[in-house]
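Step one of this worksheet: look at the structure below.
Values quoted throughout were computed directly from the atomic coordinates according to the rules given, and no laboratory measurement underlies them. Owing to the predicted nature of the structure, the values given are computational and were not obtained by experimental measurement. Virtual Cβ from ideal backbone geometry, glycine too; neighbours counted across all protein chains shown.
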Amino acid sequence: MTKKSERKVKIIGTGMYVPDKVLTNADLEKMVDTTDEWIVTRTGIRERRIAAKDQATSDLALLASRRALKSARLEPQDIDVIIVATHTPDHYFPATACLLQAGLKAGLIPAFDLVGGCTGFLYALIVAEGLILGGVVRRALVVGAEMLTRITNWEDRNTCVLFGDGAGAVVLEESKDESGMLSHFWQADGNLGPLLILPAGGSKVPACHDTVAKRQHTLHMKGNEVFKHAVKRMAEAGEEVLKRAGVKKDAVDWLIPHQANMRIIEATGERLGIPREKVYVNIHRFGNVSVACIPMALDELNQAGNLKKGNIVLLDAFGAGFTWAAVALRW
Ligand code: UT7
């Protein structure tokens, strides 16, 4: 919904971490029946990062969070809640957010994970905004962290070329000026869940030898179906959130879309009437890092000094569930 009051929540620090190891399209050509040409023209991806064997999602989240706290000039003890959006937690339980809380030595603050598809980071931002405006917490650490290469079927060329590992984090608190989140829009349609799913390992299909043999613990996606819904819903969400914020399209300085496919990114920009040079793209370097895409992009823009005070930024995502959301903010 649109915020009723003038009070706003703002991002006061950003951070990201990606593993060092790069997996190029040329590397993938040796693994499955694919070509660099197909991957680049159909997705825009040229390379992606792969976590080291001894890394888990909480390790990526920890490094990104430390950088976000440093950028906010805060210590872990200054945070009141941790929310981690992820589909690839270290374990089913405990929550990766709890492991992160321990890793940061943040004290006994509440910490929980949020599963919201590739929209999860935006869902987490909206939840954190509500907690801050509701007076429940003063500051929140919101993280999108993912190790999709651990749930990838490396024999399925339809999916294994798409994903990468990484984490992005932001620190939020109530704004004292004009900057901050202006409006949000979030929706879901559970009827379409089976189109993008990790079928086994949950209560419906518990893990057994058969599920492992059938690779049901990896991501399954009807790519072209997901594609159509993503383009439609991201355009709708972007339109709606700008309307709610009372911001005209030509006032947008940056569109940061979820980085699932260059063709989805371009179509979203075109449908929203936002010129290409204002659309932030890093999919060629990182692939689809799910919930980490948007906070990583925010941090890249921020660290490069490309987010100026007063800039209007539109965050827009779509993912498993299906879920979709957009957030408009003034930097
Ligand atoms: O992040 C959450 C949301 N996720 C998304 O938004 C992903 C949305 N989907 C997509 O990005 C695209 O649908 C894909 C990149 C996954 C696939 O692109 P597409 O243009 O939709 O291709 P397709 O699945 O319709 O397949 C076209 C052809 C097929 O061959 P035939 O049946 O026409 O002979 C595939 O077998 O491309 C083939 N193909 C490949 N060829 C070479 C599929 N993957 C590959 C590959 N290399 N890696």
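Available extension along the chain between E155 and R66 is 28.5 nm, counting 0.36 nm per residue and deducting the alpha carbon span.
Kindly point out which whole DSSP H helices in the chain project their C-alpha atoms 18 angstrom or further along the helix axis while averaging a Kyte-Doolittle hydropathy of 0.0 or above. Membrane-span-like by this rule: 57-71, 120-133. Annotation for segment 42-82 versus segment 146-194: alpha-carbon center distance of 13 Å. From most to least packed by mean Cβ count within 10 Å, the peptides 257-266, 21-30 give 257-266, 21-30. Divided by 2.2 N^0.38 Å, where N counts the residues, the Cα radius of gyration of segment 9-178 comes to 1.12.
Pairs of alpha carbons in segment 227-269 separated by more than 17 Å make up 29% of all such pairs.
Given R0 = 41 Å, the distance between the Cβ atoms of E29 and V205 translates into a calculated FRET efficiency of 0.80. Working value for the chain: equivalent-ellipsoid semi-axes of 29, 24, 18 Å, each the square root of 5 times a Cα gyration tensor eigenvalue, largest first. Rounded to whole Å, the principal axis extents of the Cα atoms in segment 229-302 read 32, 29, 20, largest first. Mean residue ellipticity, 222 nm, helices only, the chain: the sum of -39500 (n - 2.57) across DSSP H runs of n ≥ 4, divided by residue count and rounded to 500, is -9500 deg cm²/dmol. When you count the other C-beta atoms within 10 angstrom of each residue and take the mean per peptide, 320-327, 53-60, 179-186 line up highest first as 320-327, 179-186, 53-60. A Gaussian network model of the chain, with springs between Cα atoms under 10 Å, assigns the largest mean-square fluctuation among R42, R150, R139 to R42. In units of the compact-protein estimate 2.2 N^0.38 Å, segment 180-331 shows a Cα radius of gyration of 1.15. Comparing mean-square fluctuations of H91, H229, H284 from a GNM of the chain with C-alpha springs under 10 Å, the top value falls on H91. In percent, rounded to a whole number, the relative contact order of the chain is 26, using alpha-carbon pairs under 8 Å and six or more apart.
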